[in-house]
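> Starting off with a structure, shown below.
The values are calculated or read from the model by the stated rules, or taken from the named source; none is laboratory data. Please read all numbers here as calculations on a predicted model, not as lab measurements. Here the Cβ positions follow ideal geometry from the backbone for every residue, glycine too, while neighbour counts run over all protein chains shown. SASA here: full protein model, heavy atoms, side chains in, ligands and nucleic acids out. Shrake-Rupley method; radii C 1.70, N 1.55, O 1.52, S 1.80 Å.
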Amino acid sequence: MKMSSHPLDVDFYRRNPHTLARDLLGRDLVRRTDEGIRRGRIVETEVYGGPHDPASHGDSGEPTDRTDSMFGPPGTAYVYTIYGMYQCFNVVAPAEQKAAAILVRAVEPMDGLEMMARDRGLVDRDDIGELKDSTIGNLTTGPGKLCQAFDIGTSLDGATLDGPPLWLEPGEPAVDNTEESIGASSRIGLNRETVGEAVDWPWRYTLEDSEFLSRPG
DNA sequence: GTGCTGATAGTCT
DNA sequence: GACTATCAGCACG
């Protein structure tokens, strides 16, 4: 278990969304429940929002019941339900116009893997032994998966990410780290018919060599 | 390894 | 009434 550190300060989030999305790579997402601590290193993010992004939930400029927290202050959580059965976790970023948020698409599991496997439904509740590599590689490699693994539901929508139950820590940032290269690629799950040329915008950022991406860069 | 399909319910038009 | 920033399971080779 890694020793606890201090949560990232709100000033960390008060930057251009693309700068923030890149600097989130390598940071630790930490979740505390009654059962203990879960930790994961962020390896994949996507930017949504800005002056005109047809793929952003905030593109109309007007919040709805669902998207209200996307219009909240930087450093808070935007959690929404997708496909009726999964949640996606976003970090709210500053918005010069409209709203902006960073979708966290994948993390590398670090602490609390047994709890993650159980909440993912990959092991029986009372039969948790040594986890297989194939199980570990399927814990948090997608936005819906990591929300299951971290027990992130819509009850955390709008939460401030400065301490329990959910927060970020400095971790080992990837920006300016010569050992790890950051890739930029097009965002996952969009289609040209609804968002036009935005399907091609390289607004997905990855730690290219990570084994825990939702799909290869 | 790749690719297709069904599940499933909140949200918006 | 249609759509979706997804996933698991299955078929295939």
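> Taking the Cα centre of chain A as the origin, how large is its charge dipole in debye, to the nearest 20, when only Lys and Arg (+1) and Asp and Glu (-1) carry charge on their Cβ atoms?
My answer is approximately 240 debye.
> Just report the Cα centroid separation between segment A:134-184 and segment A:2-59, whole Å.
Taking the Cα centre of segment A:2-59 as reference, the centre of segment A:134-184 is 7 Å away.
> While we're on this one: Return one whole number: the accessible area per residue of chain A in Å², for a 1.4 Å probe.
49
> For segment A:1-75, what is the per residue volume of the convex hull drawn over the alpha-carbon atoms, in cubic angstrom?
127
> Ok, one more. Tell me, what is the FRET efficiency for A:E114 and A:D34 to the nearest 0.05, using R0 = 25 angstrom and their Cβ-Cβ distance as r?
0.95
> Using only the alpha-carbon atoms, what does segment A:10-207 span along each of its principal axes? Please give whole angstrom values in decreasing order.
Its Cα atoms span 49, 42, 35 Å along the three principal axes.
> Over segment A:98-217, what per residue volume does the convex hull of the Cα atoms give, in whole Å³?
160
> Using a 1.4 angstrom probe on heavy atoms only, work out the carbon and sulfur share of the accessible area of segment A:10-207 in %.
Answer for segment A:10-207: carbon and sulfur cover 44 percent of the accessible area.
> Determine the order of A:D176, A:D151 by accessible area, beginning with the largest, at a probe radius of 1.4 Å.
Result, largest first: A:D176, A:D151.
> Describe numerically, in nm with one decimal, the distance between label points set 7 Å from Cα along Cα→Cβ at A:D11 and at A:S134.
Calculated label separation equals 4.9 nm.
> R0 = 30 Å: FRET efficiency of A:T160 with A:M85, Cβ-based, nearest 0.05?
After rounding to 0.05, the efficiency reads 0.65.
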